[in-house]
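Below is one structure, written out as structure tokens, with a few remarks after it.
The values are calculated or read from the model by the stated rules, or taken from the named source; none is laboratory data. The model shown is predicted, which means the values in this text are computed figures rather than measured ones. Here the Cβ positions follow ideal geometry from the backbone for every residue, glycine too, while neighbour counts run over all protein chains shown. With ligands, DNA and RNA removed, areas are computed over all heavy atoms of the protein, side chains included. Shrake-Rupley method; radii C 1.70, N 1.55, O 1.52, S 1.80 Å.
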Amino acid sequence: MLKSFLFLLFIINQTLAQFQDWESITNMNDITDTAILNNTVWAVSNGGAFSYNIQTTEIRKWTNTNGLQSIKLQSVVVDKHEHVIFGGKDGFIQDYTPVTNEWTNLTFEGVDVNDLYIKDDTLWVATENKGLPGKTIATFVRKNGQYEFNDFFVNFPDLISSINEIAIFNKRVWLATDIGLLSAPSDFTTVTLSDPQNWVLYTTADGLPHQNILSLSVFEEKLWLGTNNGLAYVSNENSIENNGLFTGAEITHIGYDEDNLLVANGSQIFSYSPSSGLQNTSIYSKNITSLSVDSNNSIWSGHTKGGIFNKENNISITLEGPLENHVRFIIRDDNDRIWASSGKFKLTPTQGYYLYNEGIWTNYTYSGASWNKLGNTNYIHQDRFKNVWLATWGGGIAVFNGQSYNYFHNHQHSGTQIATTKDTIIHNPISPISTDYQGFFSHVGDPTIDYEVITAFTEGPNGRLWIVNSYASNGNYIVSAPYNSNGQLDLSPEKWAYFGIADRISLDEGGISSIAFDDFGYLWIGTNGDGIYILNHNNTLFNKGDDELFRFQSSNSALTSDKISSLAKDNDGIMWIGTEGGIHSYDGLNLFRHFGENGPANDVISQVVTDEFNNKWIATSGGLTILKGGFSAFETGAWTTYTTENSGLISNTVYSVFVDKKNSETLIGTEHGISIFRGSFSEIQDNYNNVQAGPNPFIIGDKNTPFIIKKLKENSIVKILDINGNLIRQLTTKNKQVEGSRATWNGKDNNGNSVSSGIYLFLAFTEDGKSVAGKIAVVRK
């Protein structure tokens with residue numbers, strides 16, 4: 001049955017206004033495909049695309065903020081009209097013209113694009129239909145300078161799990177699939193490709209060395225097939241010829257230069273001449289994911305986490321970025337280093353953490369007995385002494401004091417810290433952990449496993465560091481540790497306090513995910529299935545007799561879920577509670593749930609952060625939501641949401657937010673990489689020293705571009721005046737012309753009429769008497 005789908009065609013401008021405040025940081029070195037147009041190599045990945053000009057060595061990058069609709073790209077091809085065409089996840093196909101910098105977006109709804117193939121003016125597309133078994137192909141025909149959708153074909157003779165590649169040979173279309181080689185006449189104007197009877201399936205019974213076909217390439221009037229068991233080809237008579245080439249080898253990619261067939265197996269490329277046999281073998285350090293040949297007959301290969309490489313000229317192109325695109329937690333420390341974690345709650349990927357320092361990304365992992373669990377980094381915290389604390393799932397704690405690392409873990413093995421950049425790998429040996437750092441945290445279950453789960457940090461009103469030792473077998477789930485005079489933790493065990501089972505904190509369903517203090521010094525404890533505990537230790541850390549414990553659960557309160565993901569206190573003393581079932585606030589008397597128009601983008605909350613100006617930043621699985629400071633949560637217009645559809649946010653699955661007031665930007669950790677937001681809520685200032693305004697001159701009627709005043713103080717009011725001081729327009733948060741740190745003027749007066757050409761003034765001020773003024777040169781067309 002043909003799946004119904006939506007197809008859209010539209011043209012976008014390269015510089016989208018709503019994306020100018022956004023930057024995307026991804027890993028582009030895990031190459032999925034390459035193509036060459038003139039002297040430029042184009043490479044695509046799950047982090048976007050980049051180009052390398054062979055002559056000038058210029059590198060350009062493309063993400064969702066400067067043209068791409070999807071950064072999860074699978075295929076790239078070039079046509080004879082010098083266009084570059086990208087195909088990726090979420091149904092995006094994009095036609096890019098480098099000469100004019102124009103993009104044409106061809107969008108399918110409900111499919112992923114796995115492969116593209118160009119023949120003359122026809123674009124063939126292999127797609128995967130989400131939610132349906134089997135795979136499909138589509139065709140686009142170039143008319144009037146752009147590709148127009150032609151048809152969608154789905155009915156094959158048998159169920160297919162994957163279409164790996166497409167090729168046109170001998171007036172037929174050929175599909176490399178997991179069940180064999182499918183073929184039908186390529187003239188879709190006279191043959192109905194949705195009729196299964198028009199397709200032929202070739203299997204091992206027809207001579208294929210293996211039914212799983214991985215790659216296709218037309219060379220010297222033959223269609224060459226790469227399979228899980230060597231190489232074969234289709235002759236001009238459309239018969240399979242298996243001559244036993246590379247038997248036992250998985251041939252993942254096939255290409256060709258002027259003289260030879262190029263055959264990729266793992267990290268090797270074989271040059272094979274059909275007439276003379278094997279010519280030579282090239283061995284690379286990483287697996288090969290694509291093959292392309294430039295006009296000088298020189299081979300460019302794409303690699304798994306290795307960028308692109310030209311062995312002949314020893315040119316290696318890798319780009320800066322975190323090792324993986326999944327980012328669970330992110331901060332920037334006081335020395336402008338970005339720290340990001342790769343882990344997930346209850347999951348152990350062992351991919352470590354990423355550190356960005358002075359323009360270089362480094363991925364840190366660990367090896368050695370019990371040390372590898374430090375790679376399960378999930379939570380990061382910088383304390384007031386500038387120590388950076390790394391919480392891990394099973395590996396205890398790593399803490400960086402600005403010069404070196406210390407570790408809290410209950411084993412005495414030596415290990416290795418592995419620091420990986422795009423160009424180097426450095427192994428730093430680690431001596432066994434000093435006994436001074438052992439015994440503070442409890443393992444999970446069997447004590448011989450050395451498995452300490454740390455999930456959160458916070459600093460309490462008494463100046464101590466509070467640490468969550470989740471799933472501690474001794475029941476000491478919360479640890480309170482003092483600092484010494486050097487800004488490091490005091491390692492005197494008798495000074496450490498513990499809370500847990502002895503305080504009636506019972507974890508029947510899961511561990512502890514978050515902790516936060518309220519204005520009364522009560523410790524709020526969010527659990528992964530047991531709701532919220534509120535502990536009042538009455539400032540007597542070692543006296544259990546006066547402790548009080550309160551509890552919120554979905555069974556006894558308005559909580560919609562007992563799985564608590566985040567806790568944060570705002571500047572008004574309200575406690576914000578993120579759960580898997582929505583966001584709540586507690587004002588000391590009432591527990592409210594916020595949803596719909598007066599709520600976040602999605603009810604699955606990952607993190608809640610309150611900034612200095614009382615904006616609440618809420619990371620959800622449906623985007624990033626901001627509850628504006630100074631607004632009631634129930635007030636119309638109080639909530640603003642950013643998604644991939646209305647902004648430069650790289651993914652709607654948002655895990656973490658860090659508001660960096662010093663640099664006037666917000667770091668956002670997502671499933672697909674890091675977004676940096678430099679918009680109105682990130683740029684709120686303490687003064688008017690950095691105000692920016694423009695464009696100047698301000699041309700009214702020029703593409704409806706507004707006049708924007710940036711980097712204002714919180715709750716600024718802006719007056720637009722003529723040269724004589726007469727009020728033309730007043731901009732405020734109430735009339736929605738001021739939002740966060742920005743005021744926007746459309747060039748109209750209070751009556752809605754466009755003003756005349758001339759010199760105007762803007763005056764921005766706050767109730768405390770601070771102000772700034774500037775001139776606007778208005779030109780009315």
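Given a 1.4 angstrom probe, what's the average accessible area per residue across the chain, in square angstrom?
Numbers: 31850 Å² over 781 residues.
Solvent-accessible surface per residue comes out at 41 Å².
Hey, which lysines would be in cross-link range of Lys495, C-alpha to C-alpha under 16 Å, not counting anything within fewer than 8 residues on its own chain?
Lys544
What is the distance in Å between the Cα centres of region 364-435 and region 82-152?
Computed from Cα coordinates, the inter-centre distance equals 45 Å.
Please tell me which of these pairs span more than 28 angstrom C-alpha to C-alpha: Lys80/Lys422; Lys563/Lys662; Lys703/Lys734; Lys736/Lys781? Before the final figure, lay out each step's value.
Numbers: Lys80/Lys422 34 Å; Lys563/Lys662 33 Å; Lys703/Lys734 26 Å; Lys736/Lys781 26 Å.
Exceeds cut-off: Lys80/Lys422; Lys563/Lys662.
Would you tell me the accessible area of Phe309, worked out with a 1.4 angstrom probe on the heavy atoms of the protein chains, in Å² to the nearest 10?
Its accessible surface works out to 40 Å², give or take rounding.
What nm value, rounded to one decimal, do you get for the distance between Thr705 and Thr424 when each label is placed 7 Å out toward the C-beta?
Simple spin-label model gives 4.4 nm for this pair.
Quick one: length gained pulling Asn571 to Lys781 fully straight, 0.36 nm per residue minus the C-alpha distance?
Values: separation 210, 0.36 × 210 = 75.60 nm, distance 4.67 nm.
Full extension from Asn571 to Lys781 adds 70.9 nm.
Using the Karplus equation 6.51 cos²θ - 1.76 cosθ + 1.60 (θ = phi - 60°), what ³J(HN,Hα) coupling, rounded to whole Hz, does each residue of region 408-425 give in order, writing x for Gly and Pro?
Each residue's phi maps through the Karplus curve to give 10, 6, 9, 9, 10, 9, 7, x, 9, 8, 10, 9, 10, 10, 5, 10, 9, 10 Hz.
Give me the percent of the accessible area of the chain that comes from carbon and sulfur atoms, probe 1.4 Å, all protein chains in place. All intermediate terms of the calculation are to be shown ahead of the outcome.
Values: 14330 of 31850 Å².
For the chain, the apolar C and S fraction of the accessible surface comes to 45 percent.
Please give the Cα centre distance for region 449-492 versus region 728-750, rounded to the nearest Å.
What the calculation gives is 48 Å, centre to centre.
Long-range amide H contacts for Phe219: which residues qualify at under 5 Å (H placed 1.01 Å from N, peptide plane, sequence gap of 5 or more or a different chain)?
Correct list: Trp224.
Taking Cα centroids, how far is region 267-343 from region 498-539 in Å?
Spelled out, the Cα-based centre of one part sits 47 Å from the other.
Identify, among Thr104, Thr304, Leu291, the residue whose Cα sits farthest towards the positive end of the charge dipole of region 91-317, taking +1 on the Cβ of Lys and Arg and -1 on the Cβ of Asp and Glu, with the dipole about the Cα centre.
My answer, from the dipole projection, is Thr304.
Would you mind checking which residues have amide H under 5 Å from Ala693's amide H? H placed 1.01 Å from N; only 5 or more apart, or other chain.
Residues meeting the criterion, in which the H sits 1.01 Å from N, are Lys710.
Could you name the aspartates and glutamates in cross-link range of Lys386, using Cα to Cα under 12 Å and dropping any fewer than eight places away on the same chain?
Within reach: Asp333, Asp334, Asp336.
Take Tyr96, Tyr272, Tyr498 and sort them by solvent-accessible surface of the protein heavy atoms, 1.4 Å probe, largest at the top. Spell out each step's value before the answer.
Numbers: Tyr96 0, Tyr272 25, Tyr498 60 Å².
Final ranking, largest accessible area leading: Tyr498, Tyr272, Tyr96.
Identify all aspartates and glutamates with a Cα-Cα distance to Lys719 below 14 Å; exclude those on the same chain that are fewer than 8 residues away in sequence.
Excluding near neighbours in sequence, the set is Asp749, Glu767.
Please go through region 127-235 and write out the GluC sites (Glu not before Pro) that DSSP classes as loop and that have at most 13 other C-beta atoms within 10 Å.
Here the GluC sites (Glu not before Pro) that fit, given the DSSP loop and packing criteria, are Glu220, Glu221.
I'd like the accessible area for Trp496: 1.4 Å probe, protein heavy atoms, all chains in place, Å² to the nearest 10.
About 10 Å², ignoring ligands and nucleic acids.
Any chance you could count the Lys pairs in region 91-317 whose alpha carbons are under 14 Å apart, treating pairs 8 or more apart or on different chains as valid?
Pairs that pass both the separation and distance tests number 4.
Considering the dipole of region 321-436 built from charges on the beta carbon (Lys and Arg +1, Asp and Glu -1) around the Cα centre, which of Gly352, Ser434, Phe400 is farthest to its positive end?
Gly352
In region 692-780, what percentage of the DSSP-assigned beta bridges are antiparallel, given to the nearest 5?
On the way: 27 of 30 bridges.
Here the share of antiparallel DSSP bridges comes out near 90 percent.
How would you order 504-511, 406-413 from highest to lowest mean count of nearby Cβ atoms within 10 Å?
So the peptides 504-511, 406-413, ranked by packing, come out 406-413, 504-511.
Accessible surface of Ile449 in the full protein assembly, 1.4 angstrom probe, to the nearest 10 Å²?
We get 80 Å² for Ile449.
Please list 3J(HN,Hα) in residue order for region 281-297, calculated via the Karplus relation 6.51 cos²θ - 1.76 cosθ + 1.60 where θ = phi - 60°; whole Hz, with x for glycine and proline.
10, 10, 10, 10, 7, 9, 4, 8, 10, 6, 9, 9, 10, 8, 5, 8, 6
Residue by residue through region 765-781, which ³J(HN,Hα) values in whole Hz follow from phi under the Karplus form 6.51 cos²θ - 1.76 cosθ + 1.60 (θ = phi - 60°), with glycine and proline marked x?
Calculated HN-Hα couplings, in order: 8, 10, 5, 7, x, 6, 7, 8, 9, x, 9, 10, 8, 9, 10, 9, 7 Hz.
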